[in-house]
Each structure stands twice: as C-alpha cells, then as structure tokens.
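Heads up: the structure comes next, in structure tokens.
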Amino acid sequence: MSSESTEVHHEEHGEGMTRKKIVQIFLVLLGITVVEFIIALWLVPKGHIPLHWANPIYIVLTLFKAFYIVAYFMHLKFEKIGMALSIIVPILFIIGLILVLTNESHYWVDLRPKV
C-alpha cells in the first residue's frame, strides 16, 4: 500500500460562484432593473413607448431577472438536469395556464353588455 493520500472531490452546490461571478450577476440584475425603471418612469409617461409595448418588455425583462435569480442564487444552474427539469417544466405549464386564463377572462369581459 502506498502512503499517498487520495483526495476525494465532492461536487458542491455553487462551486463556480466566486465573488467576481456574484458581482457580475448583481450588475446584470441591476442593469435590467435600471432599464425597467427608465421605461416605467421616463419613456412611457412621456409617450416615447406606448403602454401596450411596454408591458411585454416588462414581462421579458422580469423573466430574465427570474432566470438569473433562480439559476445562480438558488443554485439551480448547478443541479442535475433532472432536478432542473422537474422545476422548470411545471413552471412553464403554470405560465401557459396563466396566459390561457388571461385570454379567456378577456372573452368574458367582452361578452358583458356595454353600459
């Protein structure tokens, strides 16, 4: 037997999360938030962007922020693919359900008699 010690490497959650990476993610989240505030407080009130364009932009930017938060700060990016899919797929179905129900609710509002 040799007297050399064997090293066992364990895969840890977030092992790639260095201080530099955390600051980068923070800056991305900050940048997205600043863009949202510029749209909400300057572009929409002054009429540069109509509200029906701003709402989808907010949704996309919010989804980007949610991805970064879930992927890096909740360590989902570092999980096995099965665990990630078991969380992501039901969320996609829930988002689809919300979109379908929102569309359906507009149908019922349109059926009401105009006053």
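The values are calculated or read from the model by the stated rules, or taken from the named source; none is laboratory data. Source: prediction; values computed, not measured. All Cβ positions, even for glycine, are placed from backbone atoms using ideal geometry, and neighbour counts span all protein chains on display.
If you scan the stretch 38-63, which residues turn out to be over 27 Å from H75 (Cα atoms) and hydrophobic (A, V, I, L, M, F, W, C)?
Correct list: I38, I39, A40, L41, W42, L43, V44, I49, L51, W53, A54.
Please find, within the stretch 5-39, the residue that is modelled with the highest pLDDT out of those that are among the hydroxyl-bearing types (S, T, Y) and part of a loop (DSSP other than H, G, I, E, B).
Restricting to residues being among the hydroxyl-bearing types (S, T, Y) and part of a loop (DSSP other than H, G, I, E, B), the top hit is T18.
For the stretch 36-57, how many residues meet the condition of being loosely packed, with under 15 Cβ neighbours inside 10 Å and either among the hydroxyl-bearing types (S, T, Y) or within 18 Å of the chain's Cα centre (by Cα) (or both)?
Of the residues in that region, 3 qualify.
Please indicate, with yes or no, whether at least one residue in the stretch 73-89 is on the phi > 0 side of the Ramachandran plot and not in a helix (DSSP H, G or I).
The answer is yes; a qualifying residue exists.
Select from the stretch 68-106 the residues that are under 27 Å from V23 (Cβ atoms) and modelled with pLDDT of 85 or more and write down the one among them that is surrounded by the fewest Cβ atoms within 10 Å (Cβ to Cβ).
Going through the qualifying residues, I end up with I69.
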